[in-house]
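The next block holds one structure in the form of structure tokens; read it before the comments.
The values are calculated or read from the model by the stated rules, or taken from the named source; none is laboratory data. What you see is a predicted model, and the numbers here were worked out from it, not measured in a lab. Ideal geometry is used to build each Cβ from the backbone, glycine not excepted, and the neighbour counts take in all protein chains shown. With ligands, DNA and RNA removed, areas are computed over all heavy atoms of the protein, side chains included. Shrake-Rupley method; radii C 1.70, N 1.55, O 1.52, S 1.80 Å.
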Amino acid sequence: MDALIALDQITKDYGTLRALDGVSLSLAPGVIGLLGPNGAGKSTLLKVLMGLVRVTRGSGEVLGWRLGKDVRQIRARVGYMPEDDCYLAGLAGVEVVRFLARLSGLPSIEALRRAHEMLDFCGIEEERYRNVETYSTGMRQKLKFAEAIVHDPPLLILDEPTSGLDPEEREAMLGRVRILAARMGKSVLISTHILPDVQAICDTVVILAKGRVRVVDRLETLCRPVSPVWHIRVLGPAGPLADRMRRERLEVREESSDTLAVSAADGAMVQRVWQWAREAGVGIRALVPARNSLEQIFLDAVREGNHADS
Amino acid sequence: MPIHDLGYRPWQGRLVPQIGRFWVIAQTGMRLAWRNAWLRRALFLSWLPVVYIATLLLVYEQIQAHTSMRDTLVPWIRDIPITGDRHQVWACLLWVFFRYPQGILMLLVVGQVAPALVAQDVRSKAFLLYFARPLGRFEYVLGKMSVVWAYLLLITAAPGLALYVLGVLLSPDWHVVCSTWDLPLRILGASAVLMVPTAALALAISSLTSETRYATFGWFAIWAVGWATYAMLRANLPNSADAHRWDLVSLYHTLGAVEYWVFGLKYELVEVLPLPARVGILPSPAQVQIWPAAIELTAVTLVSLAILFRRVSSPMRV
């Protein structure tokens, strides 16, 4: 399958500041999470993809169209939701969405019909007839999302789509992204600081730090530990079971008073744990394979980046 | 939830051609500007001078046809054109029409329309919305410029052409068209002289700030300062032959000088047309500095466009 986004040694300098430093990526279609600390170059990367800033060096393609040369074709096929609080002053919500649909090339009447349909999809009801300047932050986020999808683009680039939303709206927003990705076959590139959002909807994760790509992999692969680890939660104190397993030369870490983390490459261990628990006089409440937390992966990647630079 | 909520549906229609995208911006801008009641009043006001100038044309043509009316009318109407070449008289009246009522109304109309056009987009960071679409900076600027041009057309070319048609209809002889056929073209030329540099300048000022009121102030200040400077410099040379050399310090007077050239006015007209000459507003060809004035307007337009394009690009740089 052709790459959704292919970048080769993309470098972007703002004067003496290097925002992107030789970014090379090849991303397959799907839902991609773009993570990175503040100033990592995430927004610059998204703007490069949209042709909003020119790269200093490097080349790339988005949906098979060349960066810098086929800007209009890229913009016609990408729905961009900026992080900034941007709006068109003086217009009502539905007028803004219709206006942007027309700028994307939809005929006037069709743009109005589609604008109403997208506002329904995004949960903007009677407020659509109000001036956008009176909208709350949450409403503006939903409006920006409607603007991004109104021309039915195959790729969505969302910059912090859930920031400023209450938990219910955040879940609804993620639900919309899920629907577009799973049912409509859209690819989505999400830049966010909210790691649970990435875990909830993304297939692939890109971690950027100091303008360089530190990690690119599928979320599933990333969250799998290097060696198999099992989490065991017990009824009562975990100490006796830990001692019993140590006698079997297993590596055991007591994570809390009732939880143990056991490294064991041997799958047969799982069968014997029940027996050891009975011998130790404890009951097992849960026995599950451990996963790496995305937060830990993120922090490790950023730290590695800092060490490499220093 | 709306009762007709259909969820997300793909769209597979036919896109409109790229070339018309600027018009979407223009249409929306015009609609937003039209909400301003003062603008609507100014537009209404801009058609009133047509009545006055048309009356002068009517009187002139009647005098040409019936010389007996001359002695009757002259004592009653001070501004009446008495003699002279028809083309020159018509051109001069049209020049006066463009120079004074429409020139002043141009200031007011552009001052109502243009300041918000780019300043509001700077303030609301709307560039990110515009340029995330298949839209170039040229189309954006053309769209915004078209808003100003459309309203300026309504106060320059439209009433100017209406005035010409009215003049022809009120003339006793249809042959008047033969001697004035080029005036509609000159009207369009004079409208372009008023529209292009002023729209570029107004949008450049608008792009320099995120506050509409500062842009409005800047727009009027440029004209007021130019005018005041011109008046002070001119006061020191009351009857000098080169009094009009200070035209270049005032954009308003520079526009007037170029329009004078566009209408092809001649020196002799001062003798035959008392209206402008009496109040000392009609320069002679020797005094009109057409090339410096034309160069100044071109420079104003180019510098304004350079500022505008740079300002439109700058929010994307960070």
### Task
With a cut-off of at most 10 other beta carbons within 10 Å, and DSSP calling the residue loop, which trypsin sites (Lys or Arg not before Pro) in the stretch A:166-208 qualify? Please list them.
A:Arg183
### Query
Which trypsin sites (Lys or Arg not before Pro) from the stretch B:17-72 combine a DSSP loop assignment with at most 16 other Cβ atoms within 10 Å?
B:Arg35
### Task
Could you calculate the FRET efficiency of B:Arg123 with B:Arg41 from 1/(1 + (r/R0)^6), where r is the beta carbon distance between them and R0 is 30 Å, rounded to 0.05?
0.70
### the stretch A:147-245 - share of DSSP beta bridges that are antiparallel (%, nearest 5)
55 percent
### Task
Taking the Cα centre of the stretch B:18-313 as origin, work out the dipole magnitude from +1 charges on Lys and Arg Cβ and -1 charges on Asp and Glu Cβ, in debye rounded to 20.
1300 debye
### Query
Farthest toward the dipole's positive end in the protein assembly as shown, which of B:Ile104, B:Leu94, B:Met30, given Cβ charges of +1 (Lys, Arg) and -1 (Asp, Glu) about the Cα centre?
B:Met30
#### Entry: Exposure rank, largest accessible area first [A:Glu126, A:Glu110, A:Glu160; 1.4 Å]
A:Glu126, A:Glu110, A:Glu160
### Message
Can you compute the modelled spin-label distance between A:Gln9 and A:Ser256, with each label point 7 Å from Cα toward Cβ, in nm?
### Response
5.1 nm
### Task
Determine how many Å³ per residue the convex hull of the Cα atoms of the stretch B:18-313 encloses.
134 Å³
### Message
Taking R0 as 51 Å, what FRET efficiency do you get between B:Leu154 and A:Arg66 from their Cβ-Cβ distance, rounded to the nearest 0.05?
### Response
0.70
### Task
Please get the size of the charge dipole for the stretch A:28-109, origin at its Cα centre, with Cβ charges of +1 on Lys and Arg and -1 on Asp and Glu, quoted in debye to the nearest 20.
380 debye
### Kirkwood-based shape ratio for the stretch B:131-253, expressed as Rg/Rh from alpha carbons
1.10
### Task
State the answer as a single residue: which of B:Val59, B:Leu233, A:Thr204 lies farthest towards the positive end of the charge dipole of the protein assembly as shown, with beta carbon charges of +1 for Lys and Arg and -1 for Asp and Glu, about the Cα centre.
A:Thr204
### Task
Using +1 at the Cβ of each Lys and Arg and -1 at the Cβ of each Asp and Glu in the protein assembly as shown, identify which of A:Pro29, B:Phe263, B:Ile205 lies farthest towards the dipole's positive end.
A:Pro29
### Query
Which trypsin sites (Lys or Arg not before Pro) in the stretch A:217-305 pass both tests, a DSSP loop state and at most 15 other beta-carbon atoms within 10 Å?
A:Arg249, A:Arg291
#### Entry: Cα-based shape type of the protein assembly as shown, given that a ≥ b ≥ c are square roots of the gyration tensor eigenvalues and the cut on a/c is 1.5
prolate
### Message
Compute and list, largest first, the equivalent-ellipsoid semi-axes of chain A from the alpha carbon gyration tensor, each √(5λ) rounded to a whole angstrom.
### Response
45, 25, 16
#### Entry: Gyration tensor (alpha-carbon) shape descriptor, the stretch A:82-130, a/c threshold 1.5
oblate
### Query
To the nearest 100 Å², how much accessible surface do chains A and B hide from each other in total, with a 1.4 Å probe?
4000 Å²
### Segment A:Asn131-A:Leu17, length gained on full extension (0.36 nm per residue, minus Cα span)
37.2 nm
#### Entry: Inter-site label distance for A:Ser59 and B:Arg9 at 7 Å from Cα along Cβ, in nm
4.2 nm
